[in-house]
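In what follows, a single structure is set out as structure tokens and then discussed.
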Amino acid sequence: MATVVAFVSQKGGVGKSTLARALAREAAASGLSVKIADLDTQQGTSVDWHRIRLAAAIEPVVAAEAFGSAAQALKAADAFDLLVIDGPARTSAATLEIARSASLVVQPTGASLDDLRPAVREFHALVKAGIPVERVTFALNRIGTDAEEAAARLYLEEAGYSVLMGCLVERPAYRTAQNSGRAVTETRFAGLNARADSLIQDLIDKVTDHG
Ligand SMILES: Nc1ncnc2c1ncn2[C@@H]1O[C@H](COP(=O)(O)OP(=O)(O)OP(=O)(O)O)[C@@H](O)[C@H]1O
Ligand SMILES: [Mg+2]
């Protein structure tokens, strides 16, 4: 059985696809067979990214495929060590189905209260619906300063949830990389790559514990 990691959020644009690609890229680089299941059939952003990556012949190859539901994606999961679900925003029912099928559910969030409040509500809803609290975790994204990161981390931990170590800072280079089929661990800047990689490695460590 493949390990399944799902990225979910009610808010759009928080970094689900960004982190799904980076996780898949780093897992593939470490020799795991991995597929991104793009459940956002309206946008198909990870499938588009995969095509750009293939056309540019960027190694390692990271497979991505669109699926209509988590159940469909799971049917294809057995062929892989790791299935990375890139979830759609704003769909509570689909999010619960995705969460039920995942070994670990990751919700990216920004650091403002406007981001943190609905993010916590989303996890409260999943836990109320029966998802074990140990199976959900936050990833901080679009962070400006160390102080901002620390305050957001404290807020989420006080709400009862774990937060991945490290964070993604807000940088145009992360967009530029993804525009050209690269992951946020593959920008032109070694420092930015290292920061993104430490967040992803903490995620890989967590998944390995759960697997
Ligand atoms: N840390 C960052 N710095 C700069 N740009 C970022 C960062 N994280 C994400 N982005 C950019 O923000 C946009 C939204 O990110 P992404 O597509 O990963 O979010 P999403 O949660 O998958 O969105 P959706 O809900 O629409 O599926 C993308 O253009 C992405 O390149
Ligand atoms: Mg997305």
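Look at A70 and say whether it is within 16 Å of ligand 1 (Cβ to nearest atom) and either modelled with pLDDT under 95 or not hydrophobic (A, V, I, L, M, F, W, C) (or both). Lay out the reasoning, then the answer.
Details: within 16 Å of ligand 1 (Cβ to nearest atom): yes; either modelled with pLDDT under 95 or not hydrophobic (A, V, I, L, M, F, W, C) (or both): yes.
Criteria met by A70.
If I filter the stretch 120-127 for residues that are surrounded by 14 or more Cβ atoms within 10 Å (Cβ to Cβ), more than 16 Å from ligand 2 (Cβ to nearest atom), within 17 Å of S162 (Cβ to Cβ) and charged (D, E, K, R), do I get at least one hit?
Within the stretch 120-127, none of the residues are surrounded by 14 or more Cβ atoms within 10 Å (Cβ to Cβ), more than 16 Å from ligand 2 (Cβ to nearest atom), within 17 Å of S162 (Cβ to Cβ) and charged (D, E, K, R).
Looking only at the stretch 23-59, count how many residues are within 13 Å of L82 (Cβ to Cβ), within 16 Å of ligand 2 (Cβ to nearest atom) and not charged (D, E, K, R).
4
So, R100, is that one away from ligand 1 (no atom under 16 Å from the Cβ), over 22 Å from L203 (Cα atoms) and basic (K, R) or not? Please lay out each step first, then the result.
Details: away from ligand 1 (no atom under 16 Å from the Cβ): yes; over 22 Å from L203 (Cα atoms): no; basic (K, R): yes.
No.
Can you tell me which residues in the stretch 105-136 are among the β-branched types (V, I, T), out of contact with any Lys or Arg (no Cβ under 7 Å at 6 or more places or on another chain) and closer than 18 Å to G15 by Cα?
Correct list: V106, T109, V120, V136.
Could you grab me the full set of residues in the stretch 139-155 that are under 15 Å from G12 (Cα atoms) and not small (G, A, S)? Walk me through how you get there before you give the answer.
From the stretch 139-155, those under 15 Å from G12 (Cα atoms) are 139-142; that's our starting set.
Selection gives L140, N141, R142.
Provide a single number: the residues in the stretch 141-170 that are crowded, with 17+ Cβ neighbours inside 10 Å and either assigned to a loop (DSSP other than H, G, I, E, B) or in contact (Cβ under 8 Å) with a residue 60 or more places away in the chain (or both).
Residues in the stretch 141-170 being crowded, with 17+ Cβ neighbours inside 10 Å and either assigned to a loop (DSSP other than H, G, I, E, B) or in contact (Cβ under 8 Å) with a residue 60 or more places away in the chain (or both): 7 in total.
Please state which one of R182, R100, R90, R135 is under 18 Å from D38 (Cβ atoms) and at pLDDT 95 or above. Give the derivation first.
Values: R100 fails: under 18 Å from D38 (Cβ atoms); R90 fails: at pLDDT 95 or above; R135 fails: under 18 Å from D38 (Cβ atoms).
Matching residue, one of R182, R100, R90, R135: R182.
Would you point out which residue out of A111, A119 is at pLDDT 95 or above, small (G, A, S) and assigned to a helix (DSSP H, G or I)?
Working: A111 fails: assigned to a helix (DSSP H, G or I).
Unique residue meeting the criteria: A119.
Given the conditions (1) in contact with a Gly (Cβ under 8 Å, 6 or more places away or on another chain); (2) within 24 Å of C167 (Cα to Cα), which single one is not true for A28?
All conditions pass for A28, except number (1).
In the stretch 1-59, which residues are crowded, with 23+ Cβ neighbours inside 10 Å and either more than 16 Å from ligand 1 (Cβ to nearest atom) or of a type in the set (K, R) (or both)?
Correct list: V4, K16, R21, R25, A27, V34, K35, R53.
The values are calculated or read from the model by the stated rules, or taken from the named source; none is laboratory data. Note that the coordinates shown come from a computational prediction; the quantities given were computed from them, not determined experimentally. Every residue, glycine as well, gets a Cβ built from its backbone with ideal geometry; the counts of neighbours run over all protein chains shown.
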